[in-house]
Amino acid sequence: MDDRREEELVRRLQQRDERAFVECVRTYQDKIFGLLYRMLGSREEAQDLAQEVFVTLFKSIDSFRGDSKLGTWLYRIAVNHSKNRIKYLRRRAHKAKTDLDEAAERAMYRDAQEGGGKTSHSTLGQADARPDEALAGAQLEGIVQRAIGLLDEEQRSLLLLRDVEALSYEEIVEITGLPEGTVKSRLHRARLFLKAEISKHTK
Amino acid sequence: MGRTTLSEPEKTPPASAQPSAAAESPSNDPVDERDEEQASRALLSGLSSVSPPRDLAQSVPALIHRRSQGRFFGRKSLADRLPLEWISLVMLLVLAVTYAVLKLLFTD
């Protein structure tokens with residue numbers, strides 16, 4: 001969203017224009033929901049938290065001064081909410097199978113049943129994959145998602161913000177409040193861990 | 001409730017929290033850093049995209065309505081919608097016009 005459109009949107013939000021709220025959610029929902037889903041590992045949790053993130057944004061919109069982009073501010077709210085939710089859920093010690101595990105298994109089963117020639121995300125960008133390749137792709141996706149889930153919430157958020165959302169270091173510093181050097185070193189550790197974890201399961 | 005995260009709280013802290021000595025700090029070489037980033041992005045590029053719930057744009061304002069009992073989007077009074085200075089200027093103008101009219105009516 002360009003600066004002028006963003007300024008206009010913020011102005012309308014601060015005037016409690018309900019259509020502006022709907023427009024704001026539609027503009028940012030894909031990115032925010034995607035981040036929350038990867039952070040929490042559950043669609044249900046991500047859905048619940050996505051609503052809370054936007055409600056928080058709207059309740060505090062009067063204090064938004066335009067020092068950063070609206071999207072960056074929204075990411076900050078989303079990251080903070082998701083870290084808190086992870087800590088809360090960890091304390092409650094849930095042990096049920098995650099949506100991602102189930103989705104990975106369903107994807108594997110579905111891809112195996114439907115056979116080759118199907119373009120699938122799970123084939124890592126390869127169109128017209130053979131059934132065995134589709135199955136391998138779905139398995140790899142499950143492995144990657146599980147590996148992400150093994151990271152602590154801070155490293156997880158840094159990895160997702162930089163390597164999935166492709167944000168700049170400047171934006172990540174604004175979102176997390178961490179110095180750039182700290183962001184880079186924690187990101188480095190997260191990437192090494194991810195690579196090692198995935199290698200363990202793919203050899 | 002069945003809500004879960006990928007983290008398993010009863011296990012020892014994630015290995016990512018206990019880096020080996022070799023993994024302590026990133027390389028200062030920007031080329032190494034770029035290569036590492038590209039490799040990581042390649043691994044993560046296989047993740048399927050996820051779509052948000054279709055009704056999120058409607059459910060959020062509805063939630064705000066419910067929690068604020070309709071007050072959050074409620075119609076504001078004139079004093080809340082217009083700057084106070086404008087209202088003051090308009091009132092002063094009205095007073096001046098009223099004074100002028102009355103003066104004309106009651107003087108010869």
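Quick notes
- Residue count for the range A:62-76, restricted to those that are in contact with a helix residue (DSSP H, G or I) (Cβ under 7 Å, 6 or more places away or on another chain) and farther than 18 Å from residue A:170 by Cβ: 2.
- Any chance residue B:32 is over 33 Å from the mean Cα position of the chain (by Cα), among the charged types (D, E, K, R), modelled with pLDDT under 90 and not in a loop (DSSP other than H, G, I, E, B): yes
- Against the conditions (1) at the interface with chain B (Cβ under 10 Å from one of its Cβ atoms); (2) closer than 12 Å to residue B:52 by Cα; (3) not hydroxyl-bearing (Ser, Thr, Tyr), residue A:49 satisfies every one except (1).
- Residues located in the range A:143-152, provided they are in a helix (DSSP H, G or I) and at the interface with chain B (Cβ under 8 Å from one of its Cβ atoms): A:144, A:145, A:146, A:148, A:149, A:150
- Test: residue in the range A:63-81 that is within 11 Å of chain B (Cβ to nearest Cβ) and either part of a helix (DSSP H, G or I) or not small (Gly, Ala, Ser) (or both): no
- Residues located in the range A:15-37, provided they are facing chain B (nearest Cβ under 7 Å) and in a helix (DSSP H, G or I): A:18, A:21, A:22, A:25, A:26, A:29, A:30, A:33, A:34, A:37
- Checking the stated criteria, residue A:32 turns out to be crowded, with 20+ Cβ neighbours inside 10 Å and among the aliphatic types (A, V, I, L, M).
- Of residues in the range A:167-200 being at the interface with chain B (Cβ under 8 Å from one of its Cβ atoms) and within 17 Å of the chain's Cα centre (by Cα), the one surrounded by the most Cβ atoms within 10 Å (Cβ to Cβ): A:190
The values are calculated or read from the model by the stated rules, or taken from the named source; none is laboratory data. Only a predicted model underlies this, so the values are computations on that prediction, with no experimental measurement involved. Positions of Cβ are generated from backbone atoms using ideal geometry, with glycine treated the same way; all protein chains shown enter the neighbour counts.
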